[in-house]
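One structure is given below, encoded as structure tokens.
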Amino acid sequence: LKFNPLKIFATIYTDIFRNTPLLVQFFFIYFGLVQVGIDLTFENILGEDRALERAYGSAVVALGLNSGAYQTEIIRSGIQAIPAGQMEAGRSIGLTYLQSMRFVILPQAIRIVIPPLGNEFINLVLNSSLASAIGYSELTRQGKLIIGITFRTFWTWSLVLIFYFAITYTLSNIL
């Protein structure tokens, strides 16, 4: 057995982000990382005048890490779905391992992974509603604020529901 640190890191990363609730990940990233000095406003990179709101930076990081873990597994399973004989065929005509992956395996795997990646993209849009829990002002939070002003719960949540439906229905038809 060969020791492969990248494989170990990828396994730990995907296991943590696929086996913990996204809401807890939002809380950990927003409330926890700041306690250990990790700044998600990206002020050092973007500059003081272009720094992100902490809730926005945390939401982007949480959604990115969570969705990345699922996308990693989708792509891995797509590659593994290609028969081993395809790699052997590429190697037998003189291609290196990377060339075989690039010209033989990946073009076939892409066809397999497009539908589940589309579903993951739609889930990403829907899961963004959880960012309201850390104070990021996205569609769900705007709905809560409107209800606080108008007290029209049914109509406000109906509109939020219609907006999410329109976004995801459009995306699913495009994909």
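The values are calculated or read from the model by the stated rules, or taken from the named source; none is laboratory data. Keep in mind it's a predicted model, so treat the numbers as computed, not measured. We place every Cβ from the backbone using ideal geometry, glycine too, and count neighbours over all the protein chains shown. Keep in mind that these areas ignore ligands, DNA and RNA; they rest on the heavy atoms of the full protein, side chains included. Shrake-Rupley method; radii C 1.70, N 1.55, O 1.52, S 1.80 Å.
The table below lists the values:
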| read-out | value |
| --- | --- |
| Residues located in region 148-175, provided they are among the aliphatic types (A, V, I, L, M) and open to solvent by less than 30 Å² (accessible area, probe 1.4 Å) | 160 |
| Yes/no for residue 74 being of a type outside the set (D, E, K, R) and at pLDDT below 95 | no |
| Selected residue (only one of 68, 90 is more than 25 Å from residue 24 (Cα to Cα), open to solvent by less than 30 Å² (accessible area, probe 1.4 Å) and assigned to a helix (DSSP H, G or I)) | 90 |
| Hey, residue 102 of a type outside the set (S, T, N, Q), within 27 Å of residue 169 (Cβ to Cβ) and open to solvent by 70 Å² or more (accessible area, probe 1.4 Å) or not | no |
| Pairs with Cβ under 7 Å, 6+ apart, first in region 108-137 and closer than 22 Å to residue 72 by Cα, second charged (D, E, K, R) | 128/138 |
| Filtered residues of region 1-51 (kept if assigned to a loop (DSSP other than H, G, I, E, B) and surrounded by 10 or more Cβ atoms within 10 Å (Cβ to Cβ)) | 4, 20, 21, 38, 39, 40, 41, 42, 51 |
| Filtered residues of region 10-52 (kept if of a type in the set (S, T, N, Q) and closer than 15 Å to residue 68 by Cα) | 11, 14, 19, 20, 25 |
| Test: residue in region 108-126 that is open to solvent by 80 Å² or more (accessible area, probe 1.4 Å) and within 19 Å of residue 25 (Cβ to Cβ) | yes |
| Members of region 52-65 found to be of a type in the set (Gly, Ala, Ser) and buried (at least 17 other Cβ atoms within 10 Å of the Cβ), listed by number | 55, 57, 58, 59, 62 |
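So that you can scan it fast, the table gives a plain yes or no per residue for (1) farther than 25 Å from residue 53 by Cβ; (2) part of a helix (DSSP H, G or I); (3) of a type outside the set (Val, Ile, Thr):
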residue	(1), (2), (3)
95	yes, no, yes
108	yes, yes, yes
129	no, yes, yes
140	no, yes, no
159	no, yes, yes
169	yes, yes, yes
